Each structure stands twice: as C-alpha cells, then as structure tokens.
Amino acid sequence: MKFSVTKEKLLEGLQQVQNVVSTRTTLPILSNVLLQATDGEVHLTTTDLDVGVRGSFEAEVEKEGATTLPARRLFNIVRELPSSEIQIDVDGKNAASIRSGQSFFKILGLPEEEFPPLPKFEDAKVVTIRQKDLRDGLRKTSYAISTDETRYVLNGLLFSLKENKLTLVATDGRRLAMVDIELEIPRSQEADIIVPTKAVTELQRLLTDDGDVKVSISSGQIAFDLNKTLLVSKLIEGNYPNYKQVIPGEAKERVTLERETLLNSLRRVSLLASEKSNSIKLSFAKNNIDITANTPEVGEAKESLPVQYKGRDFSIAFNPEFLMAPLRNLTEDEVFLDLIDEMSPGVLKIQTPFLYVLMPMRISS
Amino acid sequence: MDMKCTQLWQKLSAALKPQVSADTFKRWFSAVELVGATDKTLSFRVPNNIYQYWIESNHMAALQAAILTAFGDPREIKFISSESPVEVGEIIGVSKHTDSGRETKSASSALGLNPRNTFESFVIGPNNEIAHAASLAVAQAPARTYNPLFIYGGVGLGKTHLMQAIGQYVFAKKKNMKVIYLSSELFINEFIDAIQHNNLVKFRKRYRQADLLCIDDIQFLGGKERSQEEFFHTFNTLFDGHKQIVLSCDRPASEIANLEHRLVSRFEWGLTAELQPPAIETRLAILRKKALGMQIKLPDETFEFLANRIRSNVRRLEGALMRVASFASLSGKQLTGEVIEHLLKDILQEEARTSITIEQIQRRVAEHFDVRLADMTSKRRPASIAFPRQVAMYLARELTKSSLNEIGDAFGGRDHGTVLHACKTVKKRMKEQDNIRQTISFIDSSLQR
C-alpha cells in the first residue's frame, strides 16, 4: 500500500476516528486504526468493540492495500510533521514508512485480517434525520445522562421513534431533559432504543450543519451514516424507565427569563454555594427574583434579577450546576421557567419542543 | 399487601404527607406498596424502576424522616420493581430434581452446582488441607463425622468450590439422598416469598426433608431476624435427624454482625475449617491444573511470573491466566515478562495496593455508620458523627504508619491531642461494650481483606 496526501486531510481524517480508540485494552489491535487505500481514497476505521467509526480522506493512491497502524502514535507523528506533503508506504510486513520533507518515520503495524469487522446491518429499521436537527437535539439533552453505573439503562440517551417524531430523553434521577424532533416515521420503523454515552459523544463530534444522517437500527446495534463517515454502536439492553411519569402537571407560575442574563447571574452567585449543600435559592417577589447563596463560615452572595412576575411570593432552591447545564446548552434567547410550589419540580421550556425537569432542593430555614 | 403491612403503610403515609408536596405524594407514593416489613428493613413494591430511581434520588430524606416519625427508629429501605422478574432459577432447579429423574451432568447444574467444581479439580495445599479433608470426609459419610461443617475464608479462595464439590459427590454417589444447595440470600428470598404467599408449610417441608443442606455465604443472614429464626429451626430439625449441614461464610461465625448467639454457637458446634490464601507452590499447581483443563500451553516462566505476582485470590489468578493465554493465542507473540506485565497492568496494580490509606478507612467507616464522607473532616461534632470519626482515627492509628499529626491533618486539621484522645476513647469503649468491639473488628477485617 502506498499513497500521498496533504497533512491537513490526513489529520482531519484521523481526528474523526481516533477518539474511539480505547487507551486501556487487552487486545492490542483495538488501539490501531485500519487504513484501506482504494481508488483515490483511503478509508479509516477504529473500534473498541462497543463503538466503531469509519471515515475517509482523498489521497493519491499509488498502490492499493490495507493495514493497521497504532492510531495514537500515527496521529502524534502526523501532527508534528513539518511539511504539508506526506507519503506513506507500507510493506508486506505491515511496517509503514512515513516521509514528509526532511523527516522519515517507520512504525510497525498489525495485519489487516486481525482487525474486527464492523457489524453488518441486515433487516434494519431505517430513518433519515437532518444532521442539524439531531445535533441540536443531542446538545440539548446529552448533559443529563446519568454516570451512575449501577443504573445502566440510564447511562445512555433514549431514542424513541414513535408517532412521527423522534423523542430524545436523558435523565439521572434528579433531572430530565427531553427533545422532540418532527420526523416522518412509518409504523414499521418505530422503535425505542438506548444509545450509550460514548456513541452520543462521538456522534456529536461528527454531526455537521448540512445534510442528512441515515440511522439504521437492528437488534442490539445502531448505525449512523453521515454520508462520508459512519458510526456504529452497540445499544444498551433493557427498558428505559417510563420517563413521562416525571413530567409535572400544570404549572402555577411561569416566568420568562433571558437565558444569558440568568446564566451569568447563576454563575456568579454559585461561587458562594457551599460544596456540601450545593444549592442556590430563587426568591420570587413582584417583578423581581433574588438569587442567593450562602455557606456558613464562608460568606454569601445575592443578585437581583428584574422580571415580569405577578404571582405569589415564594422561594425555591436548586442545585446550581443542574440549573446552569441546560442554559449553557440552549441557544434560544428566552427561556420559560414553570413552577408549582417550593417542593415540586421546576420545568424549563423554550419555544420549540424541549423540556427540562429539575427537582428542587429542600430549603433549610 | 397483608393486614400488617397495610396498617404500617397507613401510619407511614400519614407521616409522609406533610414531608412532601401533595403532587409528589400522589405522583410517586400513591402507587407504592409496602410488601415486607421487619424491625430492620421495609420493602416497597413500585410499578416500575422510574419510581425507584426518582424516589431514591429525590425523596429518600423525606421517606426516612417519615419512617422515623412513624416507627421511632430508622429502617433500611428496599425497592422491588414489579417489572424486574423475581429470581427463581436455582429454586426451580431444586424443586425439579425431587420429582424428576437424575441425569448426571444436567441435573447437577440444575441443582445450581457448577459441574467444574469437583474435588478432582480442587488443588490442595497447606492453606486448605484441613478444609479439603473435612469436606471429603463429609462427602463420603454425610452426617457421620463433622456436622455441621463450617467453611470460612476470604474472597476467591474456594469456599463455593468445596461446597459444590461436596454436593456433587453426594449427588453422584448416593442416589437416594436429597441434596439442596443454595445461597443464604436465596433462602431468605424464598422465606419472604413463603410468608407473603402463606405457604410456609411447603417451604419448611422442602428444607427440612433434605439429607444434605449446603448454604453458601451464610453471613447474609446477619440482621435478618425472622430468617434466622426459621433457619434455626431448620438447622435443629436436620441436625436432630442426623442430616448433614454444610455452611460457608467469609468470616468466622462469631464475627457475623447481628447473628443470634444460639446460631453462632451452633455454627461452631461441628468442625470449623479455614481457607487461607495459597502459598506460591500451591498457586503454581493451581495455574498448571487450570492450564491443563483449558488445554493451553504456556512457558514455565509465565506460570512462575503469575504465581509470584498474584497472591491474594485464586479467582484473580485464573483470570490473569485466561487473559495471558488468550493474548498468546490471539496475537501469537512471544510472551516476555514485559508483555505480561503490560497485559496485566491493572491486576498487578491492584495486587500491589495492599497498604491501607487513611482515606480508605474514612470511606469505609463513613459507609458503615452511614454518615457522609465529608463529616470525617468537618468541624461538626454531634455524637452521631464524632464517634464514627473517632473510630476512623483509631483505625488509622492501628492500620497505617501515619503519625498522630498526619492523622489529625487528614481529619480536617485536628491536632495530635485530639487523635490521641480519640484512640483512648475508642479503646475504652471497646473494652466496655461488646457490640462496639465487634463493629470495629468487622470494619477492621473488611479493610484488610
């Protein structure tokens, strides 16, 4: 196998796939990237057996062939190369010679046959989504995925394909984020699946603003085909809990808030929220919210936020990190905060179908 | 819900209502059922796991407070989700074999026994000689020699292996004997089930008619009073009827927390055999036997390397062997010391980490007394926090090489006098109160494990 390519193209190609490579592995082949040179193109594949990514870059292929090379090492070398033109030549024993300007490197690889193939998708359910929509949806929900490994069904994002919409749900038991994306879904293609965190993170990196993504779901597996790149992942087995139960009933009070103003205030006040109780208090009064935090023996912070509010006076406390997470990931200027009373969950909404349920914390008086 | 539970639940709901908002109560607690109640634990049945997740994450404090108000003392809370199937696998195996014919292999696995765990596959060394000999004697002549046989030892040293070997030996050689093997947890579950469905008679009949009763991990009976009582009677019936009883445990009977004395004394009645970590020769022998069984060939140096480096636990030893062997067959590479070292990095690190840190002690003690880890270093000092903190200081003094000053620093910058006082106080209380001594020796041994 022999090909030449520009540094930028090779680097871009490697960046897309190298995150999947696991650092700790008992199978050395899994820390390698599979390179397959064909007509004017080189395909790159990495996998950790749970998640696999396949990408490609254009190159001048002199001799077709395939090999696997240590992904991290190759990436580090390419990044440091001085000249923009790179030539890679792999001999029959999977040793790759990398030439660029005055530099020469030789790295040893493993034969292509040892590389585990990505799963095949036959009889799969297929839906097509706009990349922009999916990326937006993932961004609005993925931060709420649980990291508690004992609740493994929550260690992923629910993709519920039903009734002509894709619903994305993430929860960790204290908060829940949900987005609906309008989509035409034939009855036969409906499904409820849980995509693991790692695949969600990788997918977010790969999705762009243009084009569509073709999603194929077969038993236990999912593939996201982004035209030039492909991501496949195992699904989390099990049933996602009935999340609808969490969404509170009709709200008593609604306030409209400027997202950035609120976020900035929260960020400042939370500096004095104690690590232990880690809560900040929102006190509602006529046309005003006081955001306060205090830690015994440390100090306190208070900020007033003028708003349109005509309801009754009351206070509610939240974990500041949980309240800021959605604000950071939304892009809308205005958000709505729906509340019932100080002990019921708060709900954050925007103009489009999005919902964030957040449990209040107890106010110790 | 039976009558008792219904009443308890009514009392509890009344206490809970003021603690949470009306909507929360209606949404989360109205669908909850109280299905089991003892002096120590309450079991709630929830319609599906979102109830458990959400209540655990958000309403535990309210629930605990309500329990305290309603019953006066704290209880352990358990959730049972109706969605998750109740584990019945092994029990089906047990009841099935009583009425169906005995096929050698499939039947023994139906008993819940792993066909690989036989006396033949057990490697004997000075560390487990007595336990092995006693087990063999019991298997050859049940209820004649040592009754009950009580095997104890650390994780992965072969307790389950020996018990299952006895079970299979008796099962294969003495066709007319009824063998029951199960874990104590299963025993408890079945007992609870029997109470719930009101068929205690059937439950008793099943266990009291056994000729050989093997119960694994008996330490889980600790704190389960009703189950202990039931087991006590089962034990007596079997013992008086000259039936063999074999028990395994991860600690000596006297160290099982919250186990009634009459049970402790009965457990110590027959023969108590300890399993210790294997010596180097034994480890080597285990590796070779295992390799032979798996039909893998490895150079002698590899065996020696593994036996030398992995000392504490046979299960881990076998895991390491498996990993090395699969690597060798997958990659076809030469197995040098370096390669193996790299391959087993995580295991070897774990092995090397035998020394105990103050942080581990704090974590373990906090967990045991159910206080926050942060309380170990905080300035607060109500008795409920101060005493665990003193215990942790005492253990830090005993188990680490840290100086009084270092310990004081690790506990939120206290001075050495405080630490010294803590050690004295704890020692004094250990002398005066048996239960405190037991608690501390339990934490101590669990840390050293």
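Among the protein heavy atoms of the protein assembly as shown, carbon and sulfur supply 48% of the accessible surface, probe 1.4 Å, non-protein parts ignored.
Seen from every direction in turn and averaged, the convex hull around the alpha carbons of the range A:208-250 projects onto 5.3 nm².
Enclosing the Cα atoms of the range A:216-365 in their convex hull gives a volume equal to 168 cubic angstrom per residue. Radius of gyration (Cα atoms) of the protein assembly as shown, expressed as a multiple of 2.2 N^0.38 Å: 1.12. In chain A, helices alone account for a calculated mean residue ellipticity at 222 nm of -5500 deg cm²/dmol, with every DSSP H run of four or more residues adding -39,500 (n - 2.57).
3J(HN,Hα) couplings calculated from phi for the range A:44-52 with the Karplus curve 6.51 cos²θ - 1.76 cosθ + 1.60 (θ = phi - 60°) are, in sequence order, 10, 9, 9, 7, 10, 6, 9, 10, x Hz; Gly and Pro show x. Divide by every residue of chain B the summed helix terms, -39500 (n - 2.57) for each DSSP H run of at least 4, and state the resulting mean residue ellipticity at 222 nm, rounded to the nearest 500 deg cm²/dmol. Dividing the helical sum by the residues of chain B leaves -17000 deg cm²/dmol. The ellipsoid that matches the Cα gyration tensor of chain B has semi-axes, each √(5λ) in whole angstrom, of 39, 34, 23, with the longest given first. With all protein chains kept in place, the per residue accessible area of the protein assembly as shown amounts to 49 square angstrom at a probe of 1.4 angstrom. Note on the range B:188-303: semi-axes of the ellipsoid equivalent to its C-alpha gyration tensor, largest first and rounded to whole Å, are 37, 18, 14. With 31 Å as the limit on Cα-Cα distance, the pairs of B:345/B:401; A:140/A:228; A:9/A:162; A:9/A:106 that go past it are A:9/A:162.
If only the Cβ of Lys and Arg carry +1 and only the Cβ of Asp and Glu carry -1, the dipole of the range A:1-121 around its Cα centre is close to 420 debye. Within the set of other residues whose C-beta is less than 12 Å from the C-beta of residue A:97, count the net charge using Lys and Arg as +1 and Asp and Glu as -1. Within the 12 Å Cβ shell, the charges total +2. Positive-end ranking of A:188, A:301, A:203 along the dipole of the range A:160-303, with charges on Cβ about the Cα centre, is headed by A:301. Across the range A:155-165, rounded Karplus estimates of 3J(HN,Hα) from the backbone phi angles (6.51 cos²θ - 1.76 cosθ + 1.60, θ = phi - 60°) give 7, x, 10, 7, 9, 10, 9, 8, 6, 6, 8 Hz, Gly and Pro being marked x. Taking the three principal axes of the alpha carbon atoms in the range B:1-70, the coordinate ranges are 26, 25, 20 Å, sorted in descending order. Placing R0 at 25 angstrom, the Cβ-Cβ distance between residue A:212 and residue B:31 gives a FRET efficiency of 0.05 after rounding to 0.05. Each other residue within a Cβ distance under 9 Å of residue A:84 adds +1 if Lys or Arg and -1 if Asp or Glu, for a net charge of -1. The lysines within cross-link reach of residue B:205, meaning a Cα-to-Cα straight distance under 29 Å and a gap of 8 or more places when in the same chain, are B:4, B:40, B:78, B:96, B:105, B:159, B:173, B:174, B:175, B:178, B:224, B:243. The range A:114-129 and the range B:298-363 have Cα centres spaced 36 Å apart. Where a ≥ b ≥ c are the square roots of the eigenvalues of the C-alpha gyration tensor, would you call the range B:316-388 rounded, which needs a/c under 1.5, or, failing that, prolate if a/b is larger than b/c, or oblate? Judged from the Cα gyration tensor, the range B:316-388 comes out prolate (a/c at least 1.5, a/b above b/c).
If you take the Cα centroid of the range B:374-424 and the Cα centroid of the range A:250-324, the two points sit 37 Å apart. Shielding by partners for peptide A:165-175, expressed as the average number of C-beta atoms from other protein chains within 10 Å of each residue's C-beta, is 2. Per-residue shielding of A:337-344, expressed as the average number of other chain Cβ atoms within 10 Å of the residue Cβ, stands at 3. The H on the amide N of residue B:41, modeled in the peptide plane, is under 5 Å from the matching H of B:76, each at least 5 residues off or on a different chain. Taking the charge dipole of the protein assembly as shown about its Cα centre, with +1 at Lys and Arg Cβ atoms and -1 at Asp and Glu Cβ atoms, the residue from B:422, B:403, B:335 reaching farthest to the positive side is B:422. Between the residues A:147, A:75, A:36, the greatest Cα displacement towards the positive end of the dipole of the range A:9-164, with unit charges on the Cβ of Lys, Arg, Asp and Glu, is found for A:147. Our compactness index for the range A:2-128, the C-alpha radius of gyration over the empirical 2.2 N^0.38 Å, is 1.05.
Counting Cβ atoms of other protein chains within 10 Å of each residue's Cβ and taking the mean over peptide A:233-240 gives 1. From the alpha carbon centroid of the range B:23-60 to that of the range B:158-172 is 40 Å.
A full extension of the chain between residue B:431 and residue B:56 corresponds to an added length of 131.2 nm, given 0.36 nm per residue minus the alpha carbon distance.
The values are calculated or read from the model by the stated rules, or taken from the named source; none is laboratory data. Just so we're clear, the structure is a prediction, and the values are computed from it rather than from any experiment. Cβ coordinates were reconstructed from backbone atoms using ideal geometry, including for glycine residues, and neighbour counts include every protein chain displayed. Only protein heavy atoms, including side chains, enter the accessible area calculation; ligands, DNA and RNA are left aside. Shrake-Rupley method; radii C 1.70, N 1.55, O 1.52, S 1.80 Å.
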